[in-house]
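Written below as structure tokens is the structure these notes are about.
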Amino acid sequence: MMTITYITITYNAEAVLRRTLDSVLCQDYPHIRHLIVDGASTDATLAIVEDYISRSNAAENGHEVLVTSEPDNGIYDAMNKGLRSATGDYVCFLNAGDFLPSDDTASYIAGSVGDLLPAVLYGDTDIVDNEGKFLQHRRLAPPDNLTWKSFRQGMLVCHQAFYARVDFAVQNPYDIAFRYSADVDWCIRIMRQAADENVPLMNLHRVVACYTKEGQTTKNHQASLRERYLVMQRHYGVVQTFLLHCWFVVRAVIRH
């Protein structure tokens, strides 16, 4: 049976963390490792985590929960710490406030994988508010046949709905030179490696993540957009990135 590793990055996340942890706790799939990488929180985050560990142990659900708490150099540095401890078959980042949409999400994902383990399993995403209430289905939908070139049209798969095979994930740590868009770069690099090695990607055709709208990217929208432009230049070239963004502007004007 394949093992899924969920990594949750936290820092003073007491207001939103419980729904993330509860969504993993109630998964009916037993082969789950949950790594919680905390940045030395000063609020009740760690107390919530300790309660979660106790409830997980009492549930005897087969899940393994590990927690570390120490200062870090930002969210992507913390994600790299998580990657260094990732084991099993697939890894997914489910950060504080984000959650799995149903109790059978992990079992559905595990049951979708055949003998040939794809490099990436990806699905749809719902957007929720800070209370965890549904707002909308994510506008950018994943295509049936995703490739690394697909992200020229934007990040078509949400980071939380991107399950990377562990061997690909750990070979491609996050580039911490990016403060807001290293996740975009990470996804593209993994998909490029998969293409180079002729390993397929798989569309799960299901909502597999609920993403809280008010994240770091949302709070720093303009800086994030500038970084995404640089990420696209890195992978798709200066000229093509410029022309694509000209088309994005024209398309936005036409829609309005």
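Some points to look at:
- For the range 98-211, the relative contact order is 44 percent, taking Cα pairs closer than 8 Å that sit 6 or more residues apart in sequence and dividing their mean separation by the residue count.
- Look at where the Cα atoms of the range 76-142 and of the range 167-212 average out, and the two centres are 11 Å apart.
- Modelled spin labels at Thr147 and Ala58, positioned 7 Å past Cα toward Cβ, are 5.2 nm from each other.
- Trypsin sites (Lys or Arg not before Pro), loop per DSSP, at most 16 other Cβ atoms within 10 Å - longest free stretch of the chain: 1-132
- Shape class for the range 1-65, computed from the alpha carbon gyration tensor (a ≥ b ≥ c): prolate, with a/c not under 1.5 and a/b above b/c.
- Length-normalised contact order for the chain - Cα pairs under 8 Å, 6+ apart - percent: 22 percent
- By the helix-only formula, in which each DSSP H run with n ≥ 4 contributes -39500 (n - 2.57) and the sum is divided by residues, the chain has a 222 nm mean residue ellipticity of -12000 deg cm²/dmol.
- Heavy-atom accessible surface of the range 106-230: percent carbon and sulfur, 1.4 Å: 49 percent
- Entry comment: accessible area of the range 1-154 is 44 Å² per residue, from protein heavy atoms only and a probe of 1.4 Å.
- Both radii are taken from the alpha-carbon atoms of the chain; with Rh as the Kirkwood radius, Rg/Rh is 0.95.
The values are calculated or read from the model by the stated rules, or taken from the named source; none is laboratory data. Predicted model, so just to flag it, every value in this text is computed and none were measured. Don't worry about glycine lacking a Cβ; one is built from the backbone with ideal geometry, like all the others, and counts go over all protein chains shown. Keep in mind that these areas ignore ligands, DNA and RNA; they rest on the heavy atoms of the full protein, side chains included. Shrake-Rupley method; radii C 1.70, N 1.55, O 1.52, S 1.80 Å.
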